[in-house]
Amino acid sequence: MVTMTKKTSPPPITARHVIRSSWKLLIVFSVLLCVLALYRFQSQQPDLYSPSSSSLSRARSRIARHSVSFAGPAKIAFLFLARRDVPLDFLWESFFENAGGALNFSIYIHSAPGFVFDESTTRSRFFHGRQLPNSIQVGWGESSMIEAERLLFATALEDPANQRFVLLSDSCVPLYNFSFIYNYLMTSRRSIVDSFLDVKEGRYNPKMSPVIPKAKWRKGSQWIALIRRHAEVLVDDEVILPVFKKFCRRRPPVDIRKGKLNLKLQKQHNCIPDEHYVQTLLAMSELDGELERRTLTYTLWSNSPNKTESKGWHPMTFNHANAAPQKIREIKGINHVYYETEFRTEWCRINSTVVPCFLFARKFSKGAAMRLLSEGVVGHFDTAALLKPSP
């Protein structure tokens, strides 16, 4: 026997069902919006797990803070930012040889990842093993440059004896002997940082606001000398660097192979991070008043074309011919710098005493460095030894 069942019709849709369904859709939509917002927030944050960030975090955890009492000879930390080796190592060998022992200085080198300073790669025993094991690949005009600087400062801060920190390029030379430079830096109670208002080049990106207001935007040489407390400010920063990484980037050079694409690329905002970061960070930290607002490193600039750009200011290289004693005396005789954007003359002083502006100079070729040595600028040295083949 076949049993017949009565087909039931669906219940009528009531206003309550409509409201309940609408609420469910609204909740789902809200959850999706929250997930999307969280994703966008995370994507805008610095990569906390990148090699440079994790290395910096480990170094930061080992820093002896300035509040910790320190007793003993204070050191200058010489921080070399190198492409690979240090070509002028033979000059620095003589410089550190005349330092009277290693109790008053330390050396740190950020080089290409994996590069090791030993008997086969450097003529100076002072550089042996001084490379950072956590170095990163660096590109000029990129944020990686300031990340490398921060790694140098963070590593040097691990030694509480380091009380002054000097950032140098691999083409820098000292203009005085160690004793003069040591006394000059240790006598100063201020950091020496080239810092001035940037009102002409338009490198400030309005998108940096409100984190970085335009009034705090600064420019200057990346070759700085910091006291310990300011070095800590530099490595502790977690606010300004992410903004720089996102909005301060170098405009790519013109490449004829890209054709019309160049027009689009040249409309990008142009910013060179290493010429603005430290200066802006210290201004944001209300530390302008604790600085000698100048650089210790002399650079001879030329407004001429280079290989990648049509025209602009570029550092000139000193060779054997133009590194004559008279030129070196002229550099050492400079005692003030004029900043036209601020109509300011910065007289070079240490604790109100007028001093030479520059302790170092760049960019020097090997021939120019040999001339400095032969004329006894940094100490006595037999330049004939440089003609001997490396072991």
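The values are calculated or read from the model by the stated rules, or taken from the named source; none is laboratory data. Predicted model only: the values in this text are computed from it and were never measured. Neighbour counts run over all protein chains shown; Cβ positions are idealised from the backbone, glycine included.
Applying the criterion of being out of contact with any Lys or Arg (no Cβ under 7 Å at 6 or more places or on another chain) and more than 12 Å from Q222 (Cα to Cα) to the residues of segment 160-170, the residue that is modelled with the lowest pLDDT is P160. Counting only residues that are under 19 Å from K200 (Cβ atoms) and either free of Cβ contacts under 8 Å to residues at least 60 places away in the same chain or loosely packed, with under 13 Cβ neighbours inside 10 Å (or both), segment 320-341 holds 4 of them. Checked against (1) touching a residue at least 12 places away in the same chain (Cβ under 8 Å); (2) more than 13 Å from F80 (Cα to Cα); (3) charged (D, E, K, R), D118 passes all but a single condition, namely (1). S365 meets the stated requirement of being at pLDDT 95 or above and more than 28 Å from L226 (Cβ to Cβ).
When each of F126, F153, F115 is tested for being within 30 Å of E375 (Cβ to Cβ) and either in contact with a helix residue (DSSP H, G or I) (Cβ under 6 Å, 6 or more places away or on another chain) or at pLDDT 95 or above (or both), the lone residue that passes is F126. Out of everything in segment 204-223 that is more than 19 Å from E142 (Cα to Cα) and surrounded by 12 or more Cβ atoms within 10 Å (Cβ to Cβ), what residue ends up being nearest to the chain's Cα centre (by Cα)? Across segment 204-223, the extreme among qualifying residues is K216. Of all residues in segment 186-203, at least one satisfies being aromatic (F, W, Y) and either over 14 Å from the mean Cα position of the chain (by Cα) or surrounded by 19 or more Cβ atoms within 10 Å (Cβ to Cβ) (or both).
With respect to the stated conditions, V254 is more than 23 Å from H336 (Cα to Cα) and at pLDDT below 95.
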